[in-house]
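Only one structure is covered here, and it is reproduced in the block below.
The values are calculated or read from the model by the stated rules, or taken from the named source; none is laboratory data. Values in this document were obtained by computation on a predicted structure and should not be read as measured data. When we count neighbours, we look across all protein chains shown, and the Cβ atoms used for this are built from the backbone with ideal geometry, even at glycine. For accessibility, only protein heavy atoms count, side chains too; no ligands or nucleic acids. Shrake-Rupley method; radii C 1.70, N 1.55, O 1.52, S 1.80 Å.
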Amino acid sequence: MESMIHDMAERLFRDHVSHGLRADAAAGQCPETLWTRIEEAGLHMALVPEKAGGFGVPAAEALGLVRIAGAHGLPLPLAETLIANAVLAGAGLALPRGRLTIAEGVALRLERRGGALHTSGHMAMVPFARWADRIVIIAALDGVDHVLSLPVKDLTVTPAQDLAGMPRDDVAVDLALTDADAAPAHRSMGGMRGLGALVRSLATAGALETILRMSVEYANDRVQFGRPIGKFQSIQQYLATLAGETAAARAAAEMAAGSYDTAAFALAVAAAKSRSGEAAQTVGALAHQIHGAIGYTEEHALHHFTKRIWSWQDEFGTELDWNRELGRAALSSPHDTFWHFITDSTAQGVLT
């Protein structure tokens, strides 16, 4: 099943995600036709349990779609919709058609007014908000996590964008919620931050693989002083560093995906987001060193990927934020030594 789902996604994105489509999306054009194809393939439901209408595959396999999307620079909220649908299904809420997105929602206030729930506040840099039908967040009321499904048409959206030109909009919320919009989570989920960090780590891993491939191809094709620049020792060192960083980021991201919905998730996702962010900084810089000026031009595809990974560094927590999470977990660990802490596969943490 994993190869079938992944092969389907690879073919779909290879055939339909082009340099021109990414450029058009960065200019503000939502690729509606491509989203229709994604929905027809059912990829947006891959993380939903079979009993709720999903594929019923292991979470790590479903989440592999995010890495593939990242490798193609998909300019649509597939990762966000995967997570949103899974969270809605877990809370017993209806799964709406269309594009969904997620946000941390820490600045939102959730309260009871009479017999109904009401939420208000402001969310900044919400991914693809203007292209989404609903925003799914997790908010606490009286110490209980609630899943909220907010219809974008009833919100005030102020367009903004990230470094790659993708929608990262500001959203003002002042909304009375119906039973179809909100429900208590069946268990504490620690907010949306960890889930967002997971998909950003996986997408970064995929984009890094594409950047590495492009850099190797360019180094073999670009001739300087009578030989390919890949024959020069300095370029070989750059490529070796790119390969090592890419492999480390993918390993950390896949470990986090494998821990989805387990007690080890908090620490695994903290390590993955931190490691992928570190790799993004190094790989992006070296890839542009290898490509030279051409990598910065609109006509070349490299910048579509480097701008994405640099933008993803700051979403759902930076390396500093997640390293602090790891540090707190290490300092509160019952183990006698730090070595025992980092080698304990059963170690648990709490997302804050």
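Quick notes
- Which listed residue is within 20 Å of the chain's Cα centre (by Cα), under 23 Å from Gly190 (Cβ atoms), modelled with pLDDT of 95 or more and not hydrophobic (A, V, I, L, M, F, W, C), from Pro75, Pro167, Pro127: Pro127
- Number of the exception - Ala160 against (1) open to solvent by less than 20 Å² (accessible area, probe 1.4 Å); (2) modelled with pLDDT of 95 or more; (3) more than 30 Å from His6 (Cβ to Cβ): (1)
One line per residue, one yes/no per condition, for (1) at pLDDT 95 or above; (2) more than 30 Å from Val173 (Cα to Cα); (3) β-branched (Val, Ile, Thr); (4) within 17 Å of the chain's Cα centre (by Cα):
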position	(1), (2), (3), (4)
Arg14	yes, yes, no, no
Thr33	yes, no, yes, no
Glu40	yes, yes, no, no
Met45	yes, no, no, yes
Glu50	no, yes, no, no
Gly64	yes, yes, no, yes
Ile83	yes, no, yes, yes
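- The combined condition, being of a type in the set (Asp, Glu) and within 14 Å of the chain's Cα centre (by Cα), is fulfilled by Glu104.
- Hits in the stretch 211-226 - residues which are hydroxyl-bearing (Ser, Thr, Tyr) and either open to solvent by less than 10 Å² (accessible area, probe 1.4 Å) or not in a helix (DSSP H, G or I) (or both): Ser215
- Within the stretch 118-131, at least one residue is in a loop (DSSP other than H, G, I, E, B), in contact with a Leu (Cβ under 8 Å, 6 or more places away or on another chain) and of a type in the set (Phe, Trp, Tyr).
- Those helices (runs of 4 or more DSSP H) of the stretch 252-352 in which 2 or more residues are in contact (Cβ under 8 Å) with a residue 40 or more places away in the chain, within 19 Å of Ala164 (Cβ to Cβ) and open to solvent by less than 20 Å² (accessible area, probe 1.4 Å) occupy 265-291, 302-312.
- Ala183 being in contact with a strand residue (DSSP E or B) (Cβ under 8 Å, 6 or more places away or on another chain), buried (at least 16 other Cβ atoms within 10 Å of the Cβ), farther than 19 Å from Gln29 by Cα and among the small types (Gly, Ala, Ser): yes
- Within the stretch 94-109, residues that are under 19 Å from Val48 (Cα atoms) have Cβ atoms under 6 Å from residues that are outside any loop (DSSP other than H, G, I, E, B) and of a type in the set (Asp, Glu) in these pairs: Thr101/Glu80; Ile102/Glu80, counting only partners at least 6 apart in sequence or on another chain.
- On inspection, Arg200 fails the criterion of being at pLDDT below 95 and either surrounded by fewer than 18 Cβ atoms within 10 Å (Cβ to Cβ) or of a type in the set (Lys, Arg) (or both).
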